[in-house]
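In what follows, a single structure is set out as structure tokens and then discussed.
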Amino acid sequence: MKSTTLATAAAILLLTPSCSIVDKSAHLRVDHDVKQVVFLSDDANYRTEDAYYDAIIELKKDYPKEMENMLILPTKNAKKYYKQLEVDEGPALLILHKEKIKAKVAGNATKNQIMKPISKGLENKN
């Protein structure tokens, strides 16, 4: 339990310097001309989030430019965007581009299950 809490805290500290936390507006505002990575947090499923943090850290190493403007939606704000982002549960990691969802992983998933579609979405030129 203590190691999970430390891992979560470390992941948050690593992620926040280059990421934006979204305001409380009703509609998610993103730059549709670039690939926008969005992370929807879910405090109720904090153990599930560990795999997402691990994947995000790895993605930041592999795709630093694409990940530098990742949006983080804290739990209290994330749920209001579920419908807009076509998500049923959190946590979730998505790539938005040209007003479309290019890749999405939501709910319980392993690091590899998260990495595969998100990496592919970041590599794809469209």
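The values are calculated or read from the model by the stated rules, or taken from the named source; none is laboratory data. Owing to the predicted nature of the structure, the values given are computational and were not obtained by experimental measurement. A quick note on method: Cβ atoms are made from the backbone with ideal geometry, for glycine too, and the neighbour counts reach across all protein chains shown.
Applying the selection to the range 26-50, what residues are more than 13 Å from A78 (Cβ to Cβ) and at pLDDT below 75? Show your work before the answer.
So the first thing to find is which residues in the range 26-50 are more than 13 Å from A78 (Cβ to Cβ), and the list is 26-27, 29-37, 46-48, 50.
Selection gives A26, H27, R29, V30, D31, H32.
Filtered by the rule that a residue be closer than 18 Å to I114 by Cα, basic (K, R) and over 12 Å from the mean Cα position of the chain (by Cα), the range 35-92 gives K35, R47, K61.
For the range 51-66, the criterion of a residue being modelled with pLDDT of 85 or more, part of a helix (DSSP H, G or I), surrounded by fewer than 19 Cβ atoms within 10 Å (Cβ to Cβ) and among the aliphatic types (A, V, I, L, M) is satisfied by at least one position. Restricting attention to the range 33-50, report how many residues are buried (at least 20 other Cβ atoms within 10 Å of the Cβ) and of a type in the set (F, W, Y). The number of residues fulfilling the criteria is 1.
Looking only at the range 106-123, decide whether some residue is at pLDDT 90 or above and touching a Lys or Arg at 6+ places or on another chain (Cβ under 6 Å). Before the answer, list the steps.
From the range 106-123, those at pLDDT 90 or above are 106-123; that's our starting set.
Next, only the ones that are touching a Lys or Arg at 6+ places or on another chain (Cβ under 6 Å) stay: 121.
Scanning the range 106-123, I find at least one residue that is at pLDDT 90 or above and touching a Lys or Arg at 6+ places or on another chain (Cβ under 6 Å), so the answer is yes.
The set of residues in the range 69-84 being within 27 Å of K125 (Cα to Cα) and either at pLDDT below 90 or part of a strand (DSSP E or B) (or both) consists of N69, L71, I72, L73, Y81, Y82, K83, Q84.
Taken over the range 69-110, the residue count meeting the criterion of being within 16 Å of A55 (Cβ to Cβ) and surrounded by fewer than 17 Cβ atoms within 10 Å (Cβ to Cβ) is 3.
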